[in-house]
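Input: a single structure, listed below in structure tokens.
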Amino acid sequence: MKDTKQQWFKEAKYGLFIHWGLYSILAGEWKGKEVEGIGEWIMNRFRIPVEEYRPLAAQFDPVDFNADEIVRRAKEDWGMNYLVFTTKHHDGFAMYDSQCSDYNIVKATPFGRDVLKELQLACEKYGMKLGLYYSQAQDWDDPDGYYAGVDNSQKNFRAYLDRKCKPQLKELLTNYGDIALIWFDTPMQMTQEESQELFDYVKSFQPNCLVSGRIGNNLGEYMSTGDNFIPLQPYAGDWEVPATLNDTWGFKKNDHNWKSPEHILNLLLKINSRGGNYLLNIGPDAKGNVPQASIDILNEVGDFVKKNSEAIYGTKAIPAPVYDLDWVIITGRPHKLYLNVIKPTKRVHIAAMDNKVTRAYLLETGEELEFRIGGPTRATGNVTVMIPEEYKAKKFYTIALDIEEETLVNQDLDW
Ligand code: GLC
């Protein structure tokens with residue numbers, strides 16, 4: 001079990017991932033061919049030689065990028081509590097002003113702005129936690145960085161760690177204020193010692209900076225699930241699901257397979273009810289614009305989140321996986337349960353629940369709701385909440401229950 005000491009992470013529940021880099025220029029296409037799968041892997045998938053990929057930097061001029069607007073939206077419109085930005089993805093290009101590699105957004109592009117500095121300032125302004133994605137093992141630009149899909153046995157990974165990875169981590173942890181977490185990824189063949197060394201290195205600059213599960217060798221401070229993967233089994237430690245809105249992280253012009261706002265909201269509630277955080281991605285394009293479809297989906301999800309934030313932030317795992325019900329997804333905190341209604345219903349009936357409920361009300365308005373103990377199938381142990389007339393056709397609203405017990409109590413199953 002991984003249990004961070006960082007209370008903010010336990011309570012955050014919903015964050016923004018930003019995948020943005022030179023791959024965004026290609027938008028999923030190289031020499032007329034569309035890449036299969038995720039856009040930020042295009043260099044690897046087409047084995048684009050470094051000499052052909054690097055010149056993309058000279059074209060990178062994202063004049064529409066507006067850190068303030070993205071962070072403001074994330075915080076105020078979308079209801080997110082932390083942000084994780086790709087400072088260096090597997091392609092090796094640094095999205096900040098690096099002194100130890102000129103292959104970066106300030107020195108190698110006509111744009112010349114340190115977008116990480118801009119994000120840092122915006123995060124400070126809006127009270128958003130700032131986390132940094134850093135690809136610590138794969139670096140397709142560095143001759144000694146790992147490269148998925150090829151023979152890496154001749155590489156001098158030690159040299160890469162000392163020449164690029166550690167110096168860049170030091171820059172990131174000393175030049176950009178308080179860093180909430182470092183989001184390591186794809187550890188590849190890293191040894192236990194190497195993962196430990198990076199862990200200690202991060203902590204030597206910022207002891208409160210969290211280290212993500214993907215540092216490898218089980219050394220992270222919280223579990224990062226597989227991409228878009230929600231564990232079915234309860235997990236006692238802290239965890240996070242990194243997830244996409246369509247089927248890519250980095251911008252792809254032809255990926256329009258957007259999940260609906262309802263689908264996203266279902267996933268958010270499902271993850272929160274199991275005790276995890278949802279880290280949801282946007283992939284700005286070559287000009288720095290966030291796809292309109294992403295904005296529209298997140299705005300709609302954000303409406304619910306803002307109105308019912310008490311049912312999201314700071315909630316704790318609901319004890320049993322049986323509570324993936326058809327009509328509601330349950331979230332909770334001590335002495336409260338939130339029945340988040342996801343399908344229109346005339347009443348909410350929770351079977352096999354053995355709590356002493358003292359009050360039921362609509363979370364958004366405080367309107368008291370009638371409830372009964374005992375449902376149609378059993379004499380005791382069930383709770384039924386009556387839904388007011390004007391809500392019977394609605395979905396995505398929340399009913400709060402005050403309960404005497406700490407959390408949801410399951411009836412013993414007697415066969
Ligand atoms: C994967 C990919 C990567 C992406 C990440 C996000 O491991 O390698 O491209 O950044 O997942 O979770």
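The values are calculated or read from the model by the stated rules, or taken from the named source; none is laboratory data. Quick caveat, the model's predicted, so the values are computed rather than measured. Heads up, the Cβs are rebuilt from the backbone with ideal geometry, glycines too, and the neighbour counts pull from every protein chain shown.
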**Request:** Output the residue which, of all residues in segment 385-395 that are touching an Asp or Glu at 6+ places or on another chain (Cβ under 9 Å) and within 15 Å of L325 (Cβ to Cβ), is surrounded by the most Cβ atoms within 10 Å (Cβ to Cβ).
**Result:** V385
**Asked** Of the residues Q99, Q120, Q136, which single one is more than 26 Å from the chain's Cα centre (by Cα) and not charged (D, E, K, R)?
**Response** Q99
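So if I check each of F17, F60, F65, which one is touching a residue at least 40 places away in the same chain (Cβ under 8 Å) and under 17 Å from the mean Cα position of the chain (by Cα)? Please lay out each step first, then the result.
Working: F60 fails: under 17 Å from the mean Cα position of the chain (by Cα); F65 fails: under 17 Å from the mean Cα position of the chain (by Cα).
Of the residues listed, the single one that is touching a residue at least 40 places away in the same chain (Cβ under 8 Å) and under 17 Å from the mean Cα position of the chain (by Cα) is F17.
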**Failed item, numbered, when Q7 is tested on (1) within 19 Å of the chain's Cα centre (by Cα); (2) of a type in the set (S, T, N, Q); (3) buried (at least 16 other Cβ atoms within 10 Å of the Cβ)** = (3)
**Message:** For segment 24-46, give me each residue that is within 16 Å of the ligand (Cβ to nearest atom), in a loop (DSSP other than H, G, I, E, B) and free of Cβ contacts under 8 Å to residues at least 24 places away in the same chain.
**Reply:** E36, F46
**Request:** Might you let me know whether segment 115-137 holds any residue that is over 30 Å from R47 (Cβ atoms), among the hydroxyl-bearing types (S, T, Y), buried (at least 20 other Cβ atoms within 10 Å of the Cβ) and in contact with a Lys or Arg (Cβ under 7 Å, 6 or more places away or on another chain)?
**Result:** no
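Tell me, which residue of segment 200-239 that is part of a helix (DSSP H, G or I) and touching a helix residue (DSSP H, G or I) at 6+ places or on another chain (Cβ under 9 Å) is nearest to the ligand (Cβ to nearest atom)?
Our first condition is that a residue be part of a helix (DSSP H, G or I); within segment 200-239, this holds for 200-205, 213-215.
After this cut, where a residue has to be touching a helix residue (DSSP H, G or I) at 6+ places or on another chain (Cβ under 9 Å) as well, the list is 201-202, 204-205, 215.
Numbers: Y201: 21, V202: 19, S204: 26, F205: 23, I215: 13 Å.
The qualifying residue nearest to the ligand (Cβ to nearest atom) is I215.
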**Request:** Return the total of residues in segment 123-173 being closer than 30 Å to D77 by Cα, of a type in the set (S, T, Y) and in a helix (DSSP H, G or I).
**Result:** 1
**Item:** G15 vs. criteria within 15 Å of the ligand (Cβ to nearest atom), closer than 24 Å to K129 by Cα and modelled with pLDDT of 95 or more
**Value:** yes
**Message:** Out of the residues in segment 102-147 meeting the condition of being of a type in the set (S, T, Y), within 16 Å of the ligand (Cβ to nearest atom) and out of contact with any His (no Cβ under 8 Å at 6 or more places or on another chain), tell me which one is farthest from L22 (Cα to Cα).
**Reply:** Y146
**Fill in**
If you go through F65, F111, F85, the only one that is buried (at least 18 other Cβ atoms within 10 Å of the Cβ) and not in a strand (DSSP E or B) is F65
**Prompt:** Can you tell me which residues in segment 184-199 are among the charged types (D, E, K, R) and within 16 Å of the ligand (Cβ to nearest atom)?
**Reply:** D185
**Prompt:** Which of (1) surrounded by fewer than 17 Cβ atoms within 10 Å (Cβ to Cβ); (2) modelled with pLDDT of 95 or more does L362 not meet, given it meets every other one?
**Reply:** (1)
**Prompt:** Only one of these conditions is not met by G21: (1) surrounded by fewer than 23 Cβ atoms within 10 Å (Cβ to Cβ); (2) assigned to a loop (DSSP other than H, G, I, E, B); (3) small (G, A, S). Which number is it?
**Reply:** (1)
**Message:** Of the conditions (1) within 16 Å of the ligand (Cβ to nearest atom); (2) under 22 Å from Y23 (Cα atoms), Q168 satisfies every one except a single condition; which number is it?
**Reply:** (1)
